[in-house]
Amino acid sequence: MNRKIIFFLVALILWFLFTFNLNYDEIIVGIFVSLLSAFIFGGYFIEKPIKIFQIHRWFWLLVYIPIFAYKCIEANLDVALRVLHPGMPLKPGIIKIKTSLKTEIAKTFLANSITLTPGTMTCEIDGDTLYIHWIWIKEEEEEKAKKMIAQTFEKYLKRIFE
């Protein structure tokens, strides 16, 4: 199926889920907004949009959400401790991590997952390399740093998107 058609269907389903209303006027506006969005943004949608309907990908997404939430809470506590305790070390810097993810959307989700985790921020994606600002560089070796920052996310994002 065409990317724009899948984008339209996904946008329309989300519209109905968010509005939770099946009035005639809501349906017309939802169709119009979904068509407009599909026309403008549909070409940027995932490469093989039919994958979105594979149930095992939704299962791994549901597994990923609590894992991401746990990592986010853990990082929040670490950063809060560093802010409140003057003796906690800070060693900020930018590290380079190579990812094994192939699709652009998977790399984008990885970069966003890293950025949404306090204490880290993805500065740039260059091919399969991510440049990440880290509030406290615990490890400068690329493989060990990848294991600490990205490997947990990467494992699940590969199952979701690739």
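None of the figures in this text is laboratory data; all of them are computed from the coordinates on show. Computed from a predicted model, the values in this text were never measured in an experiment. Here the Cβ positions follow ideal geometry from the backbone for every residue, glycine too, while neighbour counts run over all protein chains shown.
The phi-based Karplus calculation (6.51 cos²θ - 1.76 cosθ + 1.60; θ = phi - 60°) puts the 3J(HN,Hα) values of the range 2-15 at 5, 4, 5, 5, 4, 4, 4, 5, 5, 4, 5, 4, 4, 4 Hz, whole numbers, x for Gly and Pro.
About the Cα centre, and with charges only on the beta carbon of Lys, Arg (+1) and Asp, Glu (-1), how big is the dipole of the range 1-139? Nearest 20 debye, please.
Values: 13 positive and 10 negative charges, 79 e Å.
Dipole magnitude for the range 1-139 comes out near 380 debye.
Couplings 3J(HN,Hα) of the range 52-69, computed from phi: 5, 9, 7, 5, 5, 5, 5, 4, 5, 5, 5, 6, 5, 4, x, 5, 4, 4 Hz, in residue order, whole Hz [Karplus 6.51 cos²θ - 1.76 cosθ + 1.60, θ = phi - 60°; x for Gly and Pro]. Over the chain, DSSP H runs of length four or greater, each weighted -39,500 (n - 2.57), average out per residue to a 222 nm ellipticity of -20000 deg cm²/dmol. Along the range 137-149 the Karplus relation, 6.51 cos²θ - 1.76 cosθ + 1.60 evaluated at θ = phi - 60°, assigns HN-Hα couplings of 6, 7, 8, 8, 5, 4, 5, 5, 5, 4, 4, 6, 9 Hz to successive residues, with x for each Gly and Pro.
Could you tell me the convex hull volume per residue, in Å³, taken over the Cα atoms of the range 3-50?
Numbers: hull volume 2.9 nm³, N = 48.
Value for the range 3-50: 60 Å³ per residue.
Each other residue within a Cβ distance under 15 Å of Glu141 adds +1 if Lys or Arg and -1 if Asp or Glu, for a net charge of +3.
Please give me the summed charge of the neighbours of Val63: other residues whose Cβ is under 12 Å from its Cβ, Lys and Arg +1, Asp and Glu -1.
Numbers: positive: Arg57, Lys155, Arg159; negative: none.
With Lys, Arg at +1 and Asp, Glu at -1, the neighbours total +3.
Listed by Cβ neighbour count within 10 Å, with the fewest neighbours leading, Thr103, Thr122 appear as Thr103, Thr122. Take every Cα pair under 8 Å whose residues are at least 6 apart in sequence, average their separation, divide by the length of the chain, and the relative contact order is 23 percent.
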